[in-house]
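For reference, the structure is listed below as structure tokens.
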Amino acid sequence: MMVKIVINAERCKGCGLCLEVCPNKVLRMSSAFNSLGSHFVEVEREEACTGCCRCAIICPDVVFELYRTEEAGSASQTGGSDEDRRNP
Ligand code: SF4
Ligand code: SF4
């Protein structure tokens, strides 16, 4: 199983909570700034992501969308949508 991580960098305020909870050090903070004037999270090691959703659950600003890919061409969302946040 592969996990595709989609990050909406413009929503990130650089609080670092997701970096703290990721057990596999998948994420890193960019040295660049977004339009909010914040550093933002980016993916460093997507291959190490297990799709545990801890980053998406803890992020206060709904920056993450995570997709599990079972095989080429098929993907299902596993966390991070507004719907998931209403019904965790
Ligand atoms: S889903 Fe889990 S392993 Fe993947 S980036 Fe988020 S916290 Fe890390
Ligand atoms: S928890 Fe969300 S807002 Fe905070 S650094 Fe991570 S992606 Fe950005």
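Summed over the range 37-55, the residues that are more than 9 Å from ligand 2 (Cβ to nearest atom) and either over 10 Å from the mean Cα position of the chain (by Cα) or outside any strand (DSSP E or B) (or both) give a count of 12.
Selection over the range 1-35 of residues that are more than 11 Å from ligand 1 (Cβ to nearest atom), within 21 Å of T50 (Cβ to Cβ) and in contact with a Phe, Trp or Tyr (Cβ under 6 Å, 6 or more places away or on another chain) gives a count of 0.
If you filter the range 1-36 down to residues that are in a loop (DSSP other than H, G, I, E, B) and either modelled with pLDDT under 95 or of a type in the set (A, V, I, L, M, F, W, C) (or both), you find that the one that is farthest from ligand 2 (Cβ to nearest atom) is M1.
Scanning the range 7-18 for residues that are in contact with a strand residue (DSSP E or B) (Cβ under 9 Å, 6 or more places away or on another chain) and closer than 11 Å to H39 by Cβ turns up A9, C12, K13, G14, G16. Scanning the range 36-65 for residues that are within 6 Å of ligand 1 (Cβ to nearest atom) and polar (S, T, N, Q) returns a single hit, T50.
Checking the conditions here, which among E20, E42 is surrounded by 14 or more Cβ atoms within 10 Å (Cβ to Cβ) and charged (D, E, K, R)? Just one listed residue meets the conditions, E42.
The values are calculated or read from the model by the stated rules, or taken from the named source; none is laboratory data. Because the structure is predicted, anything quoted here is derived from the model rather than measured. For neighbour counting, all protein chains shown are included, and Cβ atoms are generated from backbone atoms with ideal geometry for every residue, glycine included.
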